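Reviewing the structure listed below.
The values are calculated or read from the model by the stated rules, or taken from the named source; none is laboratory data. Remember, it's a predicted structure, so these values are computed and weren't measured experimentally. In this analysis, Cβ positions are derived from the backbone assuming ideal geometry, glycine residues included, and neighbour counts consider all displayed protein chains.
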Amino acid sequence: MPGRGAVLRDALGIGLAVGAYGVSFGAAAATAGLSTLQACALSLLVFTGASQFALVGVLGAGGGVGAAVAGAVLLGTRNLPYAVRLTDLLRLTGPRRVLAAHLTIDETTAMATGAPPGLSGLAFWATGASVYVLWNLATLLGALGAGVVDTTALGLDAAVGAAFLGLLAPQVRDRPALAVALGGALVAALAIPLTPPGVPVLLAGLAVAAGLRR
Amino acid sequence: MSGLSATWLAVLGTAALCFALKLAGWLVPPRALEDPRVRRATVLLPVALLAGLVVVQVFAARRTLVLDARAAGLAAGALALLLRAPFLVVVVVAAATAAVLRGL
C-alpha cells in the first residue's frame, strides 16, 4: 500500500503533467483571440480544463457566446457527480466545502477516490493545491509564449490521454469497474462521429449501467 | 456589444455556471446517498467518464476517429503503467513517444 509520501509525490506529478497541458491551454486561448488576462481568468475562475478548452475552441472557431458557454458547461456537469462522490468520501462541513467545490475536477476526484484508506483527504487537498498552482502558472506561460513553442511537436497532446489513463487505472479494482471502463470507452468512440464535441464524454457516463447490474 | 465584452461574458458566465455545478454536488444531503445503487453509481461514474476522456483525448480529431502518434503515446504510457511506473513517468513516456514519432 502506498503511503503519504507516495500520495504527495503523485500529487506533484499530476500537477506537473497538468501543467504541461496548461501551457497548451494558454497557447490555445491566445490563438483563439483571448487576451492573456482572459486566459488567466478562465484558469483561475473556471478551473476545469476540458470546459476551458471547449470554450476557447468554440470562440476561436467563430461560435457565439451561448454555444461556447453551453458546450463548456455541459462538459463541466461531470464535476457535479464528482462532488457528490467526494462529499461522501471526505465528509467536509462549512466554508471548506466552498473551497473544495472549486477544486473538484477529474484529477482531484481520481486521486481522492484512488487513495489508500485514510489518505483520501490528503490526496484531494495536495492534488488540488498542486494542480491549481501549476495549471495557472502554465496558462500564463502558454498565453505569453503562444506562437513561440509548438506544443504538439513536444507530444503534450498525447500526455493528456496518458494522464487520464493513469488516473483511471487505480480505480478499476473489480470486474464491474472494468466493464464500466470498457463500456465508457466504447460509448465515447461510437459517439465521436455522431455527436458534437463535448457530448461523447457525457454519453460515456451511461456505461455506469454496466456496473449496476448483477 | 463589443467583441471584448462578449468574450468576457463567455468567460465569466462559464466560471459562474461551472462553479454552481461543483457546489451543487457538495450540498447534496448525505441521506440522498443512502441507497446502495445511488452510492455505487457515484463510485462508478468517474470510471466511465475518465474512460471516455481517454478515448476522446487520444482517438478524436473533431468528429472523426483517427489513429495517430497520440495512440502510440497512449500505448507506451499503458506499458509504463503495467510496469508500475510513477504517474509523471507514465505521462513523460507518452509525450516523448508521440514527439519522437512526429519527428521521424
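Miscellaneous remarks
- Residue among B:Arg70, B:Arg39 that is of a type in the set (D, E, K, R) and surrounded by fewer than 17 Cβ atoms within 10 Å (Cβ to Cβ): B:Arg39
- Close pairs from region A:117-142: first crowded, with 18+ Cβ neighbours inside 10 Å, partner aromatic (Phe, Trp, Tyr) and modelled with pLDDT under 95, Cβ under 7 Å, at least 6 apart: A:Thr139/A:Phe25; A:Gly142/A:Phe25
- Under the condition of being within 14 Å of A:Ala83 (Cα to Cα) and more than 7 Å from every other protein chain (Cβ to nearest Cβ), the residues counted in region B:8-29 number 3.
- Residue check for B:Ala32: closer than 22 Å to A:Ala29 by Cα and either touching a residue at least 60 places away in the same chain (Cβ under 8 Å) or more than 7 Å from chain A (Cβ to nearest Cβ) (or both): no
- Of all residues in region B:84-101, exactly one satisfies the criterion of being within 7 Å of chain A (Cβ to nearest Cβ) and either in contact with a Cys (Cβ under 9 Å, 6 or more places away or on another chain) or not in a helix (DSSP H, G or I) (or both), namely B:Pro86.
- Pairs are defined by a Cβ separation below 9 Å, a sequence spacing of at least 6 or placement on different chains, a first member in region B:59-80 that is facing chain A (nearest Cβ under 8 Å), and a second member that is surrounded by fewer than 19 Cβ atoms within 10 Å (Cβ to Cβ) and among the acidic types (Asp, Glu); the pairs so defined are B:Phe59/B:Asp68.
- Look at region A:13-31: where a residue is without any contact (Cβ under 8 Å) to a residue 60 or more places away in the chain and a partner is among the aromatic types (Phe, Trp, Tyr), sitting 6+ places away or on another chain with Cβ atoms under 9 Å, you get A:Gly13/B:Phe87.
- Residue match in region A:190-199 (condition: modelled with pLDDT of 90 or more, under 16 Å from the mean Cα position of the chain (by Cα) and on the phi < 0 side of the Ramachandran plot): no
- From the options A:Val18, A:Val56, residue that is more than 26 Å from B:Val90 (Cβ to Cβ) and of a type in the set (A, V, I, L, M): A:Val56
- Selection within region A:170-199 - facing chain B (nearest Cβ under 7 Å), more than 21 Å from B:Ala71 (Cα to Cα) and in contact (Cβ under 8 Å) with a residue 60 or more places away in the chain: A:Gln171
- Which numbered condition A:Leu92 misses (of (1) more than 19 Å from B:Leu27 (Cα to Cα); (2) at pLDDT 90 or above; (3) hydrophobic (A, V, I, L, M, F, W, C)): (1)
- For region B:47-58, the count of residues that are farther than 16 Å from A:Gly166 by Cβ, of a type in the set (Gly, Ala, Ser) and crowded, with 24+ Cβ neighbours inside 10 Å is nonzero.
- For A:Thr93: the one exception among (1) within 11 Å of another protein chain (Cβ to nearest Cβ); (2) within 19 Å of the chain's Cα centre (by Cα); (3) among the hydroxyl-bearing types (Ser, Thr, Tyr): (2)
- For region B:33-83, residues that are part of a loop (DSSP other than H, G, I, E, B), under 26 Å from A:Asp174 (Cα atoms) and at pLDDT below 95 total 2.
- Filter result for B:Leu104 (more than 7 Å from chain A (Cβ to nearest Cβ), farther than 22 Å from A:Ser120 by Cα and among the hydrophobic types (A, V, I, L, M, F, W, C)): yes
- Residue that is touching a Lys or Arg at 6+ places or on another chain (Cβ under 7 Å), β-branched (Val, Ile, Thr), within 9 Å of another protein chain (Cβ to nearest Cβ) and surrounded by 19 or more Cβ atoms within 10 Å (Cβ to Cβ), where the choices are A:Thr87, A:Thr48, A:Thr109: A:Thr109
- In this structure, B:Val100 does satisfy being over 18 Å from the mean Cα position of the chain (by Cα), over 22 Å from A:Ala169 (Cβ atoms) and at pLDDT 90 or above.
- Unique residue being in contact (Cβ under 8 Å) with a residue 24 or more places away in the chain, under 24 Å from A:Met111 (Cβ atoms), crowded, with 24+ Cβ neighbours inside 10 Å and not aromatic (Phe, Trp, Tyr) when the list is A:Leu202, A:Leu167: A:Leu167
- Filtered residues of region A:29-45 (kept if at pLDDT below 85 and either buried (at least 24 other Cβ atoms within 10 Å of the Cβ) or out of contact with any strand residue (DSSP E or B) (no Cβ under 8 Å at 6 or more places or on another chain) (or both)): A:Ala32
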